[in-house]
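Okay, structure first, notes after.
The values are calculated or read from the model by the stated rules, or taken from the named source; none is laboratory data. Just so it is clear, the model here is predicted, and its values are computed rather than measured. Virtual Cβ from ideal backbone geometry, glycine too; neighbours counted across all protein chains shown.
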Amino acid sequence: MCRPRLRTAVADTSALVILAVPRADADYDAETTPDPLQYILTSCDVPLPPEVVADVLGEDFWARHTNPWSGYTRLLMGPILLLGLYRRDWRMVGLTLLYVVINPILFPEPESKDAWVSRSVLGGQLWLEEAHEVFEPNLPGVLNTLNAVAYCYGLYGAYKRNPRATALGGGIVLTCKLVYLAILVRYYNEHPPVED
């Protein structure tokens, strides 16, 4: 009974990490104009097995992910991770990372999906099902890109123990994330799912 849930948690984390890696331009000529990042991103392929995709982004994943406790507590994990790194509190860092991994299996499907964060998750599901990319050059995808850059800046600030850089990076991340979620809520409200 515990095995499927553990597999789901591991698959969830793996898929989310892979989904977070921006896709490089396959037509970019790394030989003529060398760019190490483009070269690395165009020369490697990280496939996801179909069973992982089905398990991770299946209905059970989305149903559990719509639980407000899951969404709101997960939203706080970024700032807590920055704080743990800044303070060099490795226990806090470890527990935060562990929580991010097990978050999807901690909470059951909610009775109602009317909460704001629940509708943002449903909007995200619709967005991805309609073949949109996580990192698109328009809204809301550009917010994910800005979010990733700001979080790296915040991590660097925390590593260097620079309170301004840590707070600025963390503040931009939270702002981008909340705007991103608001856009997904609006998207969900404007594109209600078709009932069978």
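The single condition from (1) assigned to a helix (DSSP H, G or I); (2) farther than 20 Å from C176 by Cβ; (3) not basic (K, R) that P110 fails is (1). Reported count of residues in segment 103-130, each being free of Cβ contacts under 8 Å to residues at least 12 places away in the same chain and either over 19 Å from R186 (Cβ atoms) or surrounded by 11 or more Cβ atoms within 10 Å (Cβ to Cβ) (or both), is 3. In segment 73-93, which residues are over 18 Å from the mean Cα position of the chain (by Cα) and assigned to a helix (DSSP H, G or I)? Hits for segment 73-93 are L83, G84, L85, Y86, R87, W90, R91, M92.
Applying the condition of being touching a Gly at 6+ places or on another chain (Cβ under 7 Å) and part of a loop (DSSP other than H, G, I, E, B) to segment 133-170 and asking which residue is farthest from P193 (Cα to Cα) yields F135. Answer yes if at least one residue in segment 158-168 is touching a helix residue (DSSP H, G or I) at 6+ places or on another chain (Cβ under 7 Å) and under 23 Å from P68 (Cβ atoms), and no otherwise. The answer is no, given that none of the residues of segment 158-168 is touching a helix residue (DSSP H, G or I) at 6+ places or on another chain (Cβ under 7 Å) and under 23 Å from P68 (Cβ atoms). No other residue among A167, A182, A158 is over 25 Å from D114 (Cβ atoms), in contact with a Phe, Trp or Tyr (Cβ under 9 Å, 6 or more places away or on another chain) and at pLDDT 90 or above apart from A158. Go through (1) at pLDDT 85 or above; (2) more than 17 Å from T66 (Cβ to Cβ); (3) small (G, A, S) for G141 and report which single condition fails. It fails just one condition, (1). Please determine whether any residue of segment 117-131 is out of contact with any helix residue (DSSP H, G or I) (no Cβ under 8 Å at 6 or more places or on another chain) and either among the polar types (S, T, N, Q) or closer than 23 Å to V93 by Cα (or both). Within segment 117-131 (the criterion being out of contact with any helix residue (DSSP H, G or I) (no Cβ under 8 Å at 6 or more places or on another chain) and either among the polar types (S, T, N, Q) or closer than 23 Å to V93 by Cα (or both)), the answer is no, since none of the residues qualifies.
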